[in-house]
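Student: The structure follows.
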Amino acid sequence: MSIELAACLFTLFALAGIGTPIGYSIILASVVYLGLAGLDVALAGEKILQGLYKSFVLLAVPLFIVAANIMNAGTISDRLLNFCVAAVGRFRGGLGHVNVVASLIFSGMSGSAVADAAGIGKIIIEMMTKDNRYSRGYAAAITAATATIGPIIPPSIPMVLYALVSNSSIGALFLAGILPGLVMGGVLMGMNTYISTKRGFAMEDPVPLVELPRITANAFPALLMPVILLYGIYGGVTTPTEAAAVAAFYALLLAAVFYRALSVKSLYKILVESARSSAAVGVVIGGALILNFIVVSENIPGMMSDALVGIDVHPLVFLLGVNLLVLVLGCVLDATTIILVIVPLFIPACKELGIDLVHFGVLVVVNSMIGLITPPYGILLFVINAVTGIPLKEIIGEVWAFLGVLIAALLFLILVPDVVLWLPRVFGYQG
């Protein structure tokens with residue numbers, strides 16, 4: 001390791017350790033590298049601008065954020081929740097199942113785990129804890145666990161970022177996330193059923209079946225969002241970025257015209273909040289673009305590829321090792337940082353070992369999401385704590401069972417890649 005790279009890494013970890021936002025930490029550490037290497041510090045700005053202007057796909061990120069924030073406004077959330085209650089609320093642990101199904105549906109709109117947890121999550125927790133039907137810690141834990149599904153089922157902001165660093169097909173990644181998202185939802189519902197039965201949680205009054213068609217029709221326009229996205233991409237109508245623009249326009253049309261749940265004032269607030277969220281992601285992306293230039297300058301990908309030549313490493317062993325590393329890193333780093341900074345180091349090795357990059361990308365995103373609920377620094381645990389006031393101790397005490405089944409689901413996806421790749425192959429993916 002060169003002195004310049006060592007200084008860069010030391011600065012990065014030192015700044016992150018004292019609480020500097022990770023995006024700023026990466027940029028400042030990269031500037032230290034450029035200065036010590038005798039390169040023009042202005043090169044940092046040049047790399048950021050080149051990376052942003054050449055990556056049309058990045059425009060999808062703010063558009064998906066706008067679409068999600070609009071869909072979470074007004075009565076749309078209430079209509080979708082009513083649909084979930086009518087569909088699965090009648091079973092043992094009904095509101096826990098509602099929590100999972102709501103996350104599966106909202107994941108088709110937001111692409112963000114934090115957005116799901118902070119938005120719909122707070123509403124469901126209040127429903128679950130009303131009249132002490134569920135303990136506070138349990139309601140918060142299952143909400144945090146189900147929010148991890150958000151970026152797995154399309155649209156997915158982390159998958160857009162992974163496509164940026166791996167040159168993989170966004171459409172294939174979106175399709176590849178559908179079955180893993182359903183697998184995650186299935187194991188969470190299974191664990192919820194087991195715990196609810198064991199603890200004797202109250203059952204909800206079933207919604208009459210005669211009411212189900214009316215409730216479904218009320219939520220149907222919102223349920224069409226992921227269908228429109230995937231048809232636009234795979235029907236050859238739009239590019240993924242154009243599909244994001246269509247999603248944002250459809251969300252606006254739905255909220256403002258069809259449901260009439262959006263005023264000009266609330267739209268302004270949504271746009272401002274979306275701009276702030278997009279800027280936060282943009283800072284991390286900018287830092288990653290400079291850091292990737294440094295990684296290439298140091299020939300780290302080449303050295304990793306050379307190290308694999310002649311070494312008899314089975315692809316499965318490599319996948320297990322990388323996923324274990326990402327799981328550990330997920331305890332302290334956010335998914336954006338892992339995908340933009342850490343994952344590119346392993347892309348050449350994946351190509352060398354013949355590992356499908358779409359399969360690898362889905363595993364990384366699933367793994368990064370699991371890291372969001374891994375104690376003690378899981379971001380979603382802090383988000384739920386912040387929006388509900390439920391003590392972290394109670395949330396962490398209940399989250400372990402859900403963390404365990406999600407890791408089991410991840411292991412299943414590693415061992416059976418066809419679960420991930422089947423749907424993309426149906427639509428013509430050659431991987």
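Student: Cβ-Cβ below 6 Å, separation at least six or inter-chain, first residue in region 155-166 and closer than 12 Å to residue 336 by Cα, second part of a helix (DSSP H, G or I) and modelled with pLDDT of 85 or more: which pairs?
Tutor: 158/339; 158/365; 159/173; 159/365; 161/339; 162/339; 162/361; 165/344
Student: In region 372-392, what count of residues is obtained for those that are outside any loop (DSSP other than H, G, I, E, B) and touching a helix residue (DSSP H, G or I) at 6+ places or on another chain (Cβ under 6 Å)?
Tutor: Keep residues of region 372-392 that are outside any loop (DSSP other than H, G, I, E, B), which gives 379-388, 392.
Among the residues that remain, those that are also touching a helix residue (DSSP H, G or I) at 6+ places or on another chain (Cβ under 6 Å) are: 380-381, 383-385, 387-388, 392.
So the answer is 8.
Student: Follow-up. Which one of these does residue 78 not meet: (1) open to solvent by less than 50 Å² (accessible area, probe 1.4 Å); (2) modelled with pLDDT under 75?
Tutor: For residue 78, the failing item is (1).
Student: Consider region 265-280. How many of its residues are open to solvent by 30 Å² or more (accessible area, probe 1.4 Å) and closer than 18 Å to residue 164 by Cβ?
Tutor: Initially, region 265-280 is screened for residues open to solvent by 30 Å² or more (accessible area, probe 1.4 Å), giving 265-269, 271-273, 275-277, 279-280.
Then keep just the ones that are closer than 18 Å to residue 164 by Cβ; that gives 277, 279-280.
Count: 3.
Student: Tell me, which residue of region 182-199 that is out of contact with any Gly (no Cβ under 9 Å at 6 or more places or on another chain) and open to solvent by less than 50 Å² (accessible area, probe 1.4 Å) is farthest from residue 357 (Cα to Cα)?
Tutor: 190
Student: Still on this structure: What pairs can you find where one residue is in region 377-402 and more than 17 Å from residue 150 (Cα to Cα), the other is open to solvent by 50 Å² or more (accessible area, probe 1.4 Å) and not in a helix (DSSP H, G or I), and their Cβ atoms are less than 6 Å apart, with a gap of 6+ or different chains?
Tutor: Qualifying pairs under 6 Å: 377/332.
Student: Looking only at region 322-345, which residues are open to solvent by less than 10 Å² (accessible area, probe 1.4 Å) and closer than 15 Å to residue 376 by Cβ?
Tutor: 330
Student: Do any helices (runs of 4 or more DSSP H) entirely within region 1-60 hold 2 or more residues that are open to solvent by 40 Å² or more (accessible area, probe 1.4 Å), in contact with a Phe, Trp or Tyr (Cβ under 8 Å, 6 or more places away or on another chain) and without any contact (Cβ under 8 Å) to a residue 12 or more places away in the chain, and if so, which?
Tutor: Values: elements: 3-17, 22-36, 43-54.
Because the criterion is at least 2 residues that are open to solvent by 40 Å² or more (accessible area, probe 1.4 Å), in contact with a Phe, Trp or Tyr (Cβ under 8 Å, 6 or more places away or on another chain) and without any contact (Cβ under 8 Å) to a residue 12 or more places away in the chain, no helices (runs of 4 or more DSSP H) in region 1-60 meet it.
Student: With the checklist (1) open to solvent by 40 Å² or more (accessible area, probe 1.4 Å); (2) part of a helix (DSSP H, G or I); (3) over 26 Å from residue 13 (Cβ atoms) in hand, flag the one item residue 429 doesn't pass.
Tutor: (2)
Student: Further, regarding this structure: I'd like the full set of residues that are of a type in the set (S, T, N, Q) and modelled with pLDDT of 85 or more, limited to region 310-350.
Tutor: Quick first cut of region 310-350, residues of a type in the set (S, T, N, Q) only: 323, 336-337.
Hit for region 310-350 is 323, nothing else.
Student: Could you tell me whether residue 262 is of a type in the set (A, V, I, L, M, F, W, C), crowded, with 19+ Cβ neighbours inside 10 Å and in a loop (DSSP other than H, G, I, E, B)? Show your work before the answer.
Tutor: Values: of a type in the set (A, V, I, L, M, F, W, C): yes; crowded, with 19+ Cβ neighbours inside 10 Å: yes; in a loop (DSSP other than H, G, I, E, B): yes.
Yes: the conditions hold for residue 262.
Student: What are the residues in region 126-156 that are among the hydrophobic types (A, V, I, L, M, F, W, C) and either farther than 30 Å from residue 94 by Cα or open to solvent by less than 10 Å² (accessible area, probe 1.4 Å) (or both), if any? Let's see the steps before the verdict.
Tutor: At the first step, the residues of region 126-156 found to be among the hydrophobic types (A, V, I, L, M, F, W, C) are 127-128, 139-142, 144-145, 147, 149, 152-153.
Result: 128, 139, 140, 141, 142, 144, 145, 147, 149, 152.
Student: I'm trying to understand the selection: among the residues of region 245-255, which are open to solvent by less than 50 Å² (accessible area, probe 1.4 Å) and either out of contact with any Gly (no Cβ under 9 Å at 6 or more places or on another chain) or closer than 18 Å to residue 104 by Cβ (or both)?
Tutor: Pass one, region 245-255, residues open to solvent by less than 50 Å² (accessible area, probe 1.4 Å): 245, 247-248, 250-251, 254-255.
Listed by number, the residues that qualify are 245, 247, 248, 250, 251, 254.
Student: Among the residues of region 370-383, is any open to solvent by 40 Å² or more (accessible area, probe 1.4 Å), closer than 22 Å to residue 161 by Cα, of a type outside the set (S, T, N, Q) and modelled with pLDDT under 85?
Tutor: Pass one, region 370-383, residues open to solvent by 40 Å² or more (accessible area, probe 1.4 Å): 376-377, 379, 382.
So of that shortlist, the ones also closer than 22 Å to residue 161 by Cα come out as 379.
Remaining after also requiring of a type outside the set (S, T, N, Q): 379.
Within this subset, residues satisfying the condition of being modelled with pLDDT under 85 are 379.
Checked against the condition, which is being open to solvent by 40 Å² or more (accessible area, probe 1.4 Å), closer than 22 Å to residue 161 by Cα, of a type outside the set (S, T, N, Q) and modelled with pLDDT under 85, region 370-383 yields at least one hit.
Student: Of everything in region 222-238 that's open to solvent by 50 Å² or more (accessible area, probe 1.4 Å) and part of a helix (DSSP H, G or I), which residue is nearest to residue 169 (Cα to Cα)?
Tutor: So the first thing to find is which residues in region 222-238 are open to solvent by 50 Å² or more (accessible area, probe 1.4 Å), and the list is 224, 227-228, 231, 234, 236-237.
Retained after the next criterion (residues that are part of a helix (DSSP H, G or I)): 227-228, 231, 234.
Working: 227: 18, 228: 18, 231: 15, 234: 11 Å.
This residue is 234.
The values are calculated or read from the model by the stated rules, or taken from the named source; none is laboratory data. Bear in mind that the values here come from a model prediction, so they are computed numbers and not experimental data. Positions of Cβ are backbone-derived with ideal geometry, glycine not excepted, and every protein chain shown enters the neighbour counts. Areas reflect the complete protein model, heavy atoms only, side chains present, ligands, DNA and RNA absent. Shrake-Rupley method; radii C 1.70, N 1.55, O 1.52, S 1.80 Å.
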